[in-house]
1. Taking the stretch 49-69 as the region of interest, how many residues are free of Cβ contacts under 8 Å to residues at least 24 places away in the same chain and either in a helix (DSSP H, G or I) or closer than 25 Å to residue 145 by Cβ (or both)?
2. So which of 81, 106, 99, 46 is more than 30 Å from residue 259 (Cβ to Cβ), touching a residue at least 40 places away in the same chain (Cβ under 8 Å) and surrounded by fewer than 23 Cβ atoms within 10 Å (Cβ to Cβ)?
3. What number goes with the only condition from (1) without any contact (Cβ under 8 Å) to a residue 24 or more places away in the chain; (2) crowded, with 20+ Cβ neighbours inside 10 Å that residue 92 does not pass?
4. Please work out which one of (1) modelled with pLDDT of 95 or more; (2) surrounded by 16 or more Cβ atoms within 10 Å (Cβ to Cβ); (3) in a loop (DSSP other than H, G, I, E, B); (4) not aliphatic (A, V, I, L, M) is the condition residue 172 fails and give its number.
5. Here's a check for you: in the stretch 12-35, which residue that is over 17 Å from residue 221 (Cβ atoms) and either surrounded by 24 or more Cβ atoms within 10 Å (Cβ to Cβ) or basic (Lys, Arg) (or both) is nearest to the chain's Cα centre (by Cα)?
6. Among the residues of the stretch 6-20, which ones are of a type in the set (D, E, K, R) and in contact with a Gly (Cβ under 9 Å, 6 or more places away or on another chain)?
7. Output the residue which, of all residues in the stretch 20-46 that are among the aromatic types (Phe, Trp, Tyr) and assigned to a loop (DSSP other than H, G, I, E, B), is farthest from residue 56 (Cα to Cα).
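The values are calculated or read from the model by the stated rules, or taken from the named source; none is laboratory data. Here the structure is a predicted model, which means the values were calculated and not measured. In this analysis, Cβ positions are derived from the backbone assuming ideal geometry, glycine residues included, and neighbour counts consider all displayed protein chains.
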Amino acid sequence: MTNYKELGLVNSRELFAKAIKGGYAIPAFNFNNMEQLQAIVSACVETKSPVILQVSSGARKYANQTLLRYMAQGAVEYAKELGLNIPIVLHLDHGDTFELCKSCIEYGFSSVMIDGSHHDYNKNVELTAQVVEYAHKFDVTVEGELGVLAGIEDDVKAEQHTYTQPEEVEDFVKKTGVDSLAISIGTSHGAFKFKPGQKPEIRLDILSEIEQRIPGFPIVLHGASSVPQDIVAEINQYGGKLKDSIGIPEDQLRAAAKSAVCKINIDSDGRLAMTAGVRKVFIEHPEEFDPRKYLGPARDKLKQLYMHKVTNVLGSDNKA
């Protein structure tokens with residue numbers, strides 16, 4: 001077994017406490033490969049932000065669990081090389097079984113999410129409590145989930161959106177012992193969230209009631225990509241065929257980040273930025289075949305996007 005502290009990682013407990021007190025949210029960026037990791041770390045070092053590196057079950061299979069362990073350790077050393085030892089968390093996104101969470105903990109993850117939201121309430125409580133009991137033996141923090149987000153992202157799929165019931169959260173937190181709670185208040189997974197003409201809206205009223213029931217408790221938002229229209233247009237300009245879609249307005253996310261929401265997940269926006277960068281190179285330089293020549297620009301575009309998110313949306317800049 002490898003404990004995350006051997007890799008130079010931290011868990012999320014202290015980061016979340018500071019975020020709630022300071023009125024900002026920690027960026028939780030998903031990654032699958034080296035270029036994404038480089039962009040995330042360099043963006044957060046330059047903005048002096050703590051960061052949560054997120055790995056889904058699908059990403060873990062794609063990148064290999066052993067390589068991921070050393071990529072996370074490399075991220076810590078890379079940040080130091082860039083000039084600032086920022087706090088870095090390695091987090092399992094949407095773990096759906098106890099066995100998966102256990103394996104990630106044993107491979108050096110400092111935080112895991114057990115998503116039992118597809119089960120009934122009692123089974124969700126039971127499964128989450130089981131993961132918490134194991135994780136806390138190794139000082140690994142655990143995120144649970146109540147409510148269901150619509151949309152598709154990796155292995156997570158749901159057609160219907162179910163808002164989190166505020167009356168359940170206090171009981172859930174007490175019975176499970178989780179360190180943070182992902183809630184459903186209007187965000188959505190994937191790049192195809194809302195059609196033009198629709199008005200995406202985060203239910204800040206539900207968030208407010210949840211805060212009243214569990215004051216000072218760390219809240220997490222999934223599916224918080226904004227689907228930047230300029231990036232979508234650029235993808236389509238360079239041969240893409242993305243259908244029209246809009247995401248959550250960034251001003252609503254900033255409002256949420258000023259409350260008890262202390263972790264905001266962003267994945268699809270990063271995928272869009274990388275795709276735009278790659279497509280642009282292939283159209284403008286169709287003779288190109290060196291991966292460095294198209295993945296490098298994609299990495300740079302992702303970095304600029306994430307610097308914007310940190311500074312203008314999450315407010316976590318200068319908080320490392």
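1. In the first step, residues of the stretch 49-69 are kept if they are free of Cβ contacts under 8 Å to residues at least 24 places away in the same chain; the result is 61, 64, 67.
When the remaining residues are screened for being either in a helix (DSSP H, G or I) or closer than 25 Å to residue 145 by Cβ (or both), the result is 61, 67.
Within the stretch 49-69, residues that are free of Cβ contacts under 8 Å to residues at least 24 places away in the same chain and either in a helix (DSSP H, G or I) or closer than 25 Å to residue 145 by Cβ (or both) number 2.
2. Numbers: 81 fails: touching a residue at least 40 places away in the same chain (Cβ under 8 Å); 99 fails: touching a residue at least 40 places away in the same chain (Cβ under 8 Å); 46 fails: more than 30 Å from residue 259 (Cβ to Cβ).
Testing whether each residue is more than 30 Å from residue 259 (Cβ to Cβ), touching a residue at least 40 places away in the same chain (Cβ under 8 Å) and surrounded by fewer than 23 Cβ atoms within 10 Å (Cβ to Cβ) leaves just 106.
3. Residue 92 satisfies all of (1) without any contact (Cβ under 8 Å) to a residue 24 or more places away in the chain; (2) crowded, with 20+ Cβ neighbours inside 10 Å except (1).
4. Here residue 172 clears every test but (3).
5. My answer is 31.
6. First pass over the stretch 6-20, keeping only residues of a type in the set (D, E, K, R): 6, 13-14, 18.
Scanning the stretch 6-20 gives a single hit, 6.
7. First, the residues of the stretch 20-46 that are among the aromatic types (Phe, Trp, Tyr): 24, 29, 31.
With assigned to a loop (DSSP other than H, G, I, E, B) added as a condition, the list becomes 24, 31.
Numbers: 24: 24, 31: 8 Å.
Step by step, filter the stretch 20-46, then rank; the result is 24.
Each row is one residue, and each column tells you yes or no for (1) modelled with pLDDT of 95 or more; (2) touching a Pro at 6+ places or on another chain (Cβ under 8 Å); (3) not basic (Lys, Arg).
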| position | (1), (2), (3) |
| --- | --- |
| 194 | no, yes, yes |
| 222 | no, no, yes |
| 244 | no, yes, yes |
| 262 | yes, yes, yes |
